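The structure under discussion appears below in the form of C-alpha cells.
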C-alpha cells in the first residue's frame, strides 16, 4: 500500500538481520534437503553469516528447528490473514486457499508440501514431542474451521479436517509421482465441493 505522505518520505524496508536470514535459509534448506541433511554450517553458509554468529543466535540444531516451526506457522497466519482481507465471504476465502495451494504444485512435485514434509520428518525423530509441530497444522485447521462455521456449518471442524487431509494427501501423491496435475485436479474437486456445501 502506498504511503499517503508521498514517495519522498517513504523509508526503504530494513534489510533482514542475521537471525532472520538464518531462519529463512533454514526454512529453505529443511524443505529442499530435509532436517537430517542440513547442518548448522550449511545454514550459516546459505545465509551468508559466519558460523560463529550462528551459534550466537542458535546454540543447537533444536533451537533453529523450533525457529523454523514458528516461521512456518507465522507464514500460515499471514497467508490466511491476507485471504481474510481480500475475500468477502468464507466460501471465497476457502476457494482462494485451495487455489493458492494449487499454485505451488510444481514445487510440491519436486519437494513435497513444506508444512507436511516438516511435520512428518520431525514426527519421525525419536523423542520428538507432537507439541512442537502441532501448531503448524492447527493454525490452518483452526482458520478453515472458522470459515466453515461462518457458513453456518455445525460440522465445521470435520469439514476443516476433510479439507486439510485432502490437500495433504494430494501433496504426498503429487510429490511421490512427480505429477503436478494431481494437485490441479484435486484443487478443482475441492472448489466444487466447497461450492456445493450448504449452510
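Bear in mind these aren't lab numbers, they're just calculated from the coordinates by the rules spelled out. This one's a predicted model, so the numbers in the text were calculated from it and none came from an experiment. Cβ sites come from the backbone with ideal geometry, for glycine too, and all protein chains shown count toward neighbours.
Residue check: is residue 141 within 20 Å of residue 69 (Cβ to Cβ) and either without any contact (Cβ under 8 Å) to a residue 40 or more places away in the chain or not in a helix (DSSP H, G or I) (or both)? Yes; evaluated as a whole, the condition is true for this residue. Inside the stretch 98-125, residues that are touching a residue at least 40 places away in the same chain (Cβ under 8 Å) and assigned to a helix (DSSP H, G or I) make up a count of 17.
Across the stretch 66-83, not a single residue is classified as touching a helix residue (DSSP H, G or I) at 6+ places or on another chain (Cβ under 8 Å), part of a loop (DSSP other than H, G, I, E, B) and surrounded by fewer than 20 Cβ atoms within 10 Å (Cβ to Cβ).
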